[in-house]
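Report on one structure; see the data block that follows.
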Amino acid sequence: MKIERFYAQMQLIRRTEQTFFDLYSRGLMAGTVHTSIGQEACAVGVVNALNRSRDVIFSSHRAHGHFLVWCDDVEGLVAELLGRRTGVVGGVGGTQHLHVRNLYTNGVQGGIVPNAAGAAFAEQMRESGAVVTVFLGDGTLGQGVVYESMNLASLWSLPLLFVLEDNQYAQSTHRSLEHAGTLAQRPQPFGIDCAELEADDVLAVHTAARQAVDFVRSQQRPFFLTLHTYRLAPHSKGDDTRTAEELQRHWAADPLARLAATLPDHQRAEIDAAVEQRIQAAVDKALAEEPQRAAEFHARMGEIGDWRLEIETTQSPNRPIAQSPISNLYSPISYLDSLRNALHTILDADPQAVVLGEDILDPYGGAFKVTKGLSTRFPDRVRTTPICEASIVGMSVGMALRGLHPIAEIMFGDFVTLAADQIVNHAAKYPAMYNGQVRVPLVIRTPMGGGRGYGPTHSQSLERLFFGIPHLRIVAASQLHDAGALLRQAVADPQPVIFVENKLLYPMELMRGEGRGARGEIGRLGDWEIGDWEGVKAGGVVQMTERADRFAYPVALARNYGEGETPDVTVIAYGGMSRLLVPLLERLAGEEIRLLVCLPSCISPLDAAPLVEAARQSGRVLVVEEGPVAFGWGAEVAAQVSVQAADRLLAPVARLGAAPTVIPAAKTLEETVLPSASSIEAAIFELISKSSL
């Protein structure tokens, strides 16, 4: 019975993928396709060793076989590659990005490995008994993130099965030209047990896979299984440079033909006919359907960030925002203490919340001490890591996919470049490319900015690299925001969030007003006024209609003039620039310069409405940011304001930022590169003088 079932599955994979080639040649499919023809024994042998009710699979661009054995949905797969709405992810993912139940695939090589490790951590923490399996090819072993993941999987003793499908070629290059040493021995220095065998006999593969799965499940340890196989078809549709002699030699050892020879002719013919009939029916059905409509697609994508959209996932559907433990919200508290208190509150209130990063354990408590005290209170949910930013974020993505609420710390914001692939191609992509079927509630905390003499590689404001990435939020608390409340809101956000913390704000006292009443009212602090703008009237200054369909982050407003007056200049900035603008409000009040400061906390995607309304109050707008002006945040703000407030502008929107050079370590030089209170003041006076001409 097992032989017949395995043969039917292998034949289904083979004929489905050959059908895809035919559909491409007829112009019925777009893009590309990566087949596993010749490797079917790997998918059939391994996936049948897993428990479909609880185990988890991550795979790459060559995943049709894993998908078909896992869920037997040839109809959904064909519809997906034909771009139909009945495809497994509505035609959004195509051949490389598939999701059904506990199976996830992504076309970026190597990136799925830390995702799988994070998923294994989640399953272990939830005590589900699941084994997470990650399939990778020999070419993928050139990726450093794979070795980062091996290290953490072994260090944390995770239930993770690595399956290397060694088909001898990356794309067109033989592995002998790409990898030194023996691939099957790669895991051994990490203390990971391993095995290898030729994958020409599906029954032998299945036996080895069952032993590997049993080991991982019983020992709660990773295992590495290497399957030596061969890809008989091109890398994709037609890019094959191998010789005819080489291909002929391997076709003669075809694992499918070997298994077929063990079956009676009539039984094999019956299976073949049933497979052909099923595939043809799937093609006919998909071709008769309409593609997903553009309006339907855009509406669905718009829902992905909607807090009120409820879907069935492994996550808590109604997770509340943890409340602050501070008894008096307006008592003096530093930016740092506000964030630290928020982390304690989050972990205390949410058993699914975890924190991971470098050097975050007590007594050190992180480079900037934000995590101090956490590991003492929550030792199982605060994990220190090696220097491995890609895996810190990648594992957090896997944790989030499997129901945890990870908070990842990148020690310095300059190092987010090392995690860019995970942020852009994994965290931000999964919900959309799976057509809204998953969520990635992940927060990446990181300190940004200069002013401390750390030099060129530890002083940048690199959040700018991620502006405009769809389905990714960037939040930056200022001195006028409740930083801890913003962090709690970010953790409760269904979308991935990069939470930017300016280094120079850490010791500064938050300035949130005194005796403020209902939310959004202007309160008084010294000789100037402060308020936040959350969809309600703010002290008669500006008006905004509340948007019930979005997860809104507050905009802080401050002014140094009385109600009924109008400002001379509107300054729009975010995050660390508040430390320069707060004293400037008081100074310019003495010079009778009326200033309205507008500080959004969510800086991407940009909700331009409050910024435009603030700009319309004065007609003179200065946008300030700590990063260089060219291609920056201020450029987008200026573009939006210039178009939407054109009838009220008295002068072109002015922008101020850092000089376009590295940030020096020497204080005297650093001060000449970064914006300062004096440079902002000079820009304000220049703007007033220009518009008065």
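None of the figures in this text is laboratory data; all of them are computed from the coordinates on show. None of these values were measured; they are calculated from a predicted model. Ideal geometry is used to build each Cβ from the backbone, glycine not excepted, and the neighbour counts take in all protein chains shown.
Assuming charge only on the beta carbon of Lys and Arg (+1) and of Asp and Glu (-1), the dipole of segment 335-505 about its Cα centre is about 140 debye to the nearest 20.
Based on DSSP H segments of at least four residues, each scored -39500 (n - 2.57), the chain has a per-residue ellipticity at 222 nm of -11000 deg cm²/dmol.
Derived scalar couplings between HN and Hα for segment 343-353 equal 4, 4, 5, 4, 5, 6, 8, 10, x, 8, 7 Hz in order, rounded to whole Hz, by the Karplus curve 6.51 cos²θ - 1.76 cosθ + 1.60 (θ = phi - 60°), x for Gly and Pro. Put in order of Cβ neighbour count within 10 Å, fewest first, the listed residues SER218, SER601 become SER218, SER601.
The magnitude of the dipole of segment 559-692, with charges of +1 and -1 set on the Cβ of Lys/Arg and Asp/Glu and taken from the Cα centre, is near 120 debye. Counting only lysines at least 8 places from LYS503 when in the same chain, those with an alpha carbon closer than 25 Å to its own are LYS369, LYS372, LYS667. What is the sum of charges around ALA654, taking Lys and Arg as +1, Asp and Glu as -1, for the other residues whose C-beta is under 14 Å from the C-beta of ALA654? Around ALA654, the charge tally is -1.
Considering only THR19, PHE224, VAL440, and ranking their Cα positions along the charge dipole of the chain that arises from unit charges at the beta-carbon of Lys, Arg, Asp and Glu, the one farthest toward the positive end is VAL440. Only Lys, Arg, Asp and Glu carry charge here, each on its Cβ (+1 for the first two, -1 for the last two); on that basis the chain has a dipole of about 480 debye about its Cα centre. In this label model, SER334 and ALA659 are separated by 3.1 nm, measuring between points 7 Å along each Cα→Cβ vector.
For the chain, DSSP calls about 30 percent of its internal beta bridges antiparallel.
Modelled spin-label separation between MET301 and ASP193, with each label point placed 7 Å from Cα along the Cα-to-Cβ direction: 4.7 nm. A Förster radius of 25 Å, combined with the Cβ-Cβ distance separating GLU289 from ARG26, puts the computed FRET efficiency at roughly 0.90. Projecting the Cα positions of ALA654, LEU50, VAL146 onto the charge dipole of the chain (unit charges on Cβ atoms of Lys, Arg, Asp and Glu, taken about the Cα centre) puts LEU50 furthest along the positive direction.
Per residue, what volume in Å³ does the Cα convex hull of segment 21-175 take up?
Normalising the Cα hull of segment 21-175 by residue number yields 111 Å³.
Residues MET301, MET395, arranged from fewest to most other Cβ atoms within 10 angstrom of their Cβ, appear as MET301, MET395. The fewest-to-most ranking of MET10, MET29, MET1 by surrounding Cβ atoms within 10 Å reads MET1, MET29, MET10.
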